[in-house]
1. Does region D:1-122 classify as rounded, prolate or oblate by the C-alpha gyration tensor (a ≥ b ≥ c root eigenvalues; a/c under 1.5 gives rounded; else a/b over b/c gives prolate, otherwise oblate)?
2. If you put a point 7 Å past Cα along the Cβ direction, how far is that point for residue C:57 from the same point in each other copy, in nm, smallest first?
3. How big is the antiparallel share of DSSP beta bridges in chain C, given as a percent to the nearest 5?
4. Inside 10 Å of the C-beta atoms of C:127-137, what's the mean count of C-beta atoms belonging to other chains?
5. Under the definition of partner shielding as Cβ atoms of other protein chains within 10 Å of a residue Cβ, what is the mean value for peptide C:161-171?
6. 7 Å along Cα→Cβ for the label point: how many nanometres lie between residue C:248 and each equivalent label in the other copies, listed shortest first?
7. Can you order the peptides B:159-171, D:227-239 by their average number of other Cβ atoms within 10 Å per residue, highest first?
8. How large are Rg and Dmax for region A:88-152 when only the alpha carbon atoms are used, in Å?
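No value in this document is a laboratory result; all are computed from the given coordinates. Since the model is a prediction, treat every value here as computed from it, not as a measurement. Here the Cβ positions follow ideal geometry from the backbone for every residue, glycine too, while neighbour counts run over all protein chains shown.
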Ligand SMILES: [Fe+2]
Ligand SMILES: [Fe+2]
Ligand SMILES: [Fe+2]
Ligand SMILES: [Fe+2]
Ligand SMILES: [Fe+2]
Ligand SMILES: [Fe+2]
Ligand SMILES: [Fe+2]
Ligand SMILES: [Fe+2]
């Protein structure tokens, strides 16, 4: 059985997140014999968006596809790169027509087409984009020819995330959640063969509040003042999953959580 | 060193959740030599609230304290029990004055006072209760005499949960999140000695959307109709944590995730 | 110039609202020489939805079209009537495909086609339906042949309501807001000829909180308990607007607010 | 009967709003023989907050008290002025302890103490400040000695606004809503003698979306991109109310809406 080995790593937060990723990714690729590396980069540059120079570094270190989320729009310098044909920097596909970039990309992995589809949740997110359920269904029916499809579902609400996973079970290889920045322990393969995890977690400083300085978040909570968050800087941890996918059927063979400290083995 | 061994188990959902809890709790107590069992029961009766007869069964099976959350109010029959002095059924403490019940309870465990404090988050919850940060701080300063304090923080938002944990680090033995129904993989002991996990997960049917039938949730997502959710019924899993707490200092010694299927060992 | 005289009346709340409507509508029709009467009925039956018998009474008293909103789904008995061809009971058009009913209806008024289009807002509503901007634009381009179009935009957020009005200015005869239950004083004709008001207000009891008993709402605010609201019962007031529309151009000639107490002249 | 004549004017938006206010306020004061002028200034400087120089101009043109709202924090330069004793620039009183400024001020008007209290709503606002119901009740019982109290309730949700008005009916002279930027037509005196209006509207450009450029708001709605809003610039309109208050009882005698274009009489 020909298998695709894929790493999917969570939201890289600021300089500490980038540092850990760049330092440890080569080793992870080797360890997992990864054929494909997908990383969510929506918070790579100061926590908000990703600059072209950071994206370039991602690719130079072995990243194949950069997925993103609601924060992608905050660094406009990246828009031209997203607009290039077959750009490997994608944004949620269910944004309305007319926004920069594309919501999916197909890459060749060991002779197989692998499609990465990025989607955005709508519950408790404050951004009523198009329905991720109908969008993904339409995409799979009309636009996709790959047997292997990995979905990065960037969303907040567990009900919405689990519902989409059940909805797409048997139709895609994996539905992998991002956005909350905390890894969940519910990785599994659903009955139809789709790997699922509610959230793969972030890549960023450990002593933090979703990557930012706890003292500012506490002060915000106590005062309700609109204080600016700042990326924390301490030992970073890479969070993500390792997927094994059967190339013939497109079904998931295994999903395992990755937790890799920048200082650890 | 005298240690308190405590089990804290997540939101029990409906009949399937109760069934798994009643069947497996005695074995878990034995396995972990538990001195104290705290279970969140806000979804025990049909998914919304907890009836007196279900609460009684919790206690008869070895539960010491029932914590709850936003759904506690939906079965009014439980209010009188919550209003009894030293009731072991508590509700979030930061509800405004005047609501039924109490927000904390102190129980004697191996000769030590152990206080369980229930708090509710305010971010993305739609219920602006009192500030959980100030409430817990006031509580610890003015009303609490126990060295050992376990907090069930029933909340949605990761930022709020992590912020409260950092805020209370060194002041309580553990901050244990509930409400999302998905167990997170971030259990740890913070530098000040407080055990923390963003969410311990639920006790309920595995093939579900936070305990409810996936097909209804999918239909709701697709149509936006206000369809009534229904508790799913299939193999249930108990999720929670095991805490070891140093009785002298009140600090956490260890925190370990529990995942116990009703059919498994 | 041939003009269409239209009454558009706001959310009828419960029995008190119905009572006022049935008693005063004939007089209002006479007073305004109304050619068309559109009434939002989403709260007609106990505050949640509208039953067939109440809808029938609306029609028997002179209502031509019943528009609705987010609360339409709560009385399922009405679905069959909404599903009839050319039903004069419509629901927001930008619900996803597959829900009962239709989002618009065209009626013949003095030999002219007049289309009433119902739309739902998405900001601060908790229901991510399809985009009302794109939906209305598509509708006007592809499905509508009437020169005269009256839009009931059932929405909460002022930015969204004003934005849609500017977006549709010159393309429809009127954008008339409902849902907040409070009449706004900003009625005007926009530069392109579209009449606009942020909200026409409700038809229901005056001494109330959006039609419901103030004491319950106060108690809810004070305790955050999920108390059930109840329709208040005291003197009701009809709120709405009177539109004059040029039949040839479809442009609005005038928009005037209506405030009619059930006991007043 | 000694009466206090008070003008309360709504959120002044940017340069166009300031321009209209400065030009027309002297005439309005004369017309209404105003003894007191209260103006909400939370959007005075570019739409977000108010700079000291703009506040100074408010006062020099006849404003006695500047109330604010959620946007007050965005220009930090104003904090020192808010922190001065008896500052006439106030912010919502129900922010948590520890934030800059004060939530009320008492001024002497024709020999009478008149207190202006600023409150913030919590429903659909995204900022869980302290309960405005309990806060105002405590304030009136413990801190206030004035018979005449005018409340600027800066809030979004109609239910919350109407509930607070009923809650305070008979205890304050007026509850006057701000924040939505659209004037409502529901001004009245409640049975207990408290004048009420859900929203007095804004002071800013007429051809706008709550004071900002419609084309940007439309584009945001269509794309869900986080485009920056910009204050529109065209003919501005002053919105507010005129209150007559019986100095002896503190009860309202009348409440009338004000709509004053900068070019009109
Ligand atoms: Fe992120
Ligand atoms: Fe995100
Ligand atoms: Fe729960
Ligand atoms: Fe909950
Ligand atoms: Fe309504
Ligand atoms: Fe509504
Ligand atoms: Fe404002
Ligand atoms: Fe505001």
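1. Working: a/c = 1.92, a/b = 1.21, b/c = 1.59.
Note, shape of region D:1-122 comes out oblate.
2. So the distances to the same position in the other copies read 4.5, 5.7, 7.0 nm.
3. On the way: 28 of 53 bridges.
Of the beta bridges lying entirely in chain C, close to 55 percent run antiparallel.
4. Values: counts 6, 13, 5, 5, 8, 2, 6, 6, 0, 0, 1.
Counting Cβ atoms of other protein chains within 10 Å of each residue's Cβ and averaging gives 5.
5. On the way: counts 3, 9, 12, 4, 2, 8, 7, 1, 1, 0, 0.
Across C:161-171, the average partner-chain Cβ count within 10 Å equals 4.
6. 6.4, 7.5, 9.8
7. B:159-171, D:227-239
8. Looking at region A:88-152, its Cα Rg and Dmax stand at 12.2, 40 Å.
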